[in-house]
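Structure record follows, encoded as structure tokens.
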Amino acid sequence: MLILIAEDDELILRTIEHKLLKEGYQIILTRNGKDAIEKIKELNVDLVVTDIMMPFASGIEILAAIRSFQKELPVIVLSSLGQEEVVADAFDLGAADFMVKPFSPNELVLRIKRLTNK
């Protein structure tokens, strides 16, 4: 299973990377929204985890781009904002789940397993 992580905070990125590799997932790391969108178009990604506040394209823009060419790809949105409007926007665009930072890497893995049935 290939998971794309879009996160510009290096510590959070490395924490997610470590946890998901330990769980046996293959991962692609991206540090900006533009890169994330390009990789998702190029590769056969099974799930996306994206931060909201990203350089060059926000998590909401990433989600909108994904929905323009892949309707069913599960996307978990991360945000330290915790604003109801952002959550509503993410779900309106088809986010499968939403987690507020800080979050438990173990909980992220559980949510990934729930969405992928693995």
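Can you pull out every residue in region 41-53 that is closer than 23 Å to residue 1 by Cβ and touching a strand residue (DSSP E or B) at 6+ places or on another chain (Cβ under 6 Å)? Answer for region 41-53, where residues must be closer than 23 Å to residue 1 by Cβ and touching a strand residue (DSSP E or B) at 6+ places or on another chain (Cβ under 6 Å): 45, 46, 47, 48, 49, 50, 51.
Results for (1) in contact (Cβ under 8 Å) with a residue 12 or more places away in the chain; (2) surrounded by fewer than 16 Cβ atoms within 10 Å (Cβ to Cβ); (3) closer than 17 Å to residue 117 by Cβ; (4) over 11 Å from the mean Cα position of the chain (by Cα), shown as yes or no for each residue.
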{"residue": "4", "(1), (2), (3), (4)": "yes, no, no, no"}
{"residue": "7", "(1), (2), (3), (4)": "yes, no, no, no"}
{"residue": "12", "(1), (2), (3), (4)": "yes, no, no, yes"}
{"residue": "21", "(1), (2), (3), (4)": "no, yes, no, yes"}
{"residue": "33", "(1), (2), (3), (4)": "yes, no, no, no"}
{"residue": "42", "(1), (2), (3), (4)": "no, yes, no, yes"}
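Do you know which residues across region 77-96 are assigned to a loop (DSSP other than H, G, I, E, B), under 21 Å from residue 16 (Cα atoms) and within 14 Å of the chain's Cα centre (by Cα)?
Listed by number, the residues that qualify are 80, 95, 96.
Of all residues in region 44-75, count the ones that are in contact with a Gly (Cβ under 8 Å, 6 or more places away or on another chain) and either free of Cβ contacts under 8 Å to residues at least 24 places away in the same chain or among the aromatic types (Phe, Trp, Tyr) (or both). Selection size over region 44-75: 2. Residue count for region 57-76, restricted to those that are closer than 20 Å to residue 16 by Cβ and either assigned to a loop (DSSP other than H, G, I, E, B) or in contact with an Asp or Glu (Cβ under 7 Å, 6 or more places away or on another chain) (or both): 7.
Of 90, 65, all but one fail to be surrounded by 12 or more Cβ atoms within 10 Å (Cβ to Cβ) and over 14 Å from residue 6 (Cα atoms); the exception is 90.
Read-outs: derived from the displayed coordinates by stated rules, not from any lab. Keep in mind the model is a prediction, meaning the values are calculated, not measured. With ideal geometry, Cβ positions are generated from the backbone for all residues, glycine too; neighbour counts draw on all protein chains shown.
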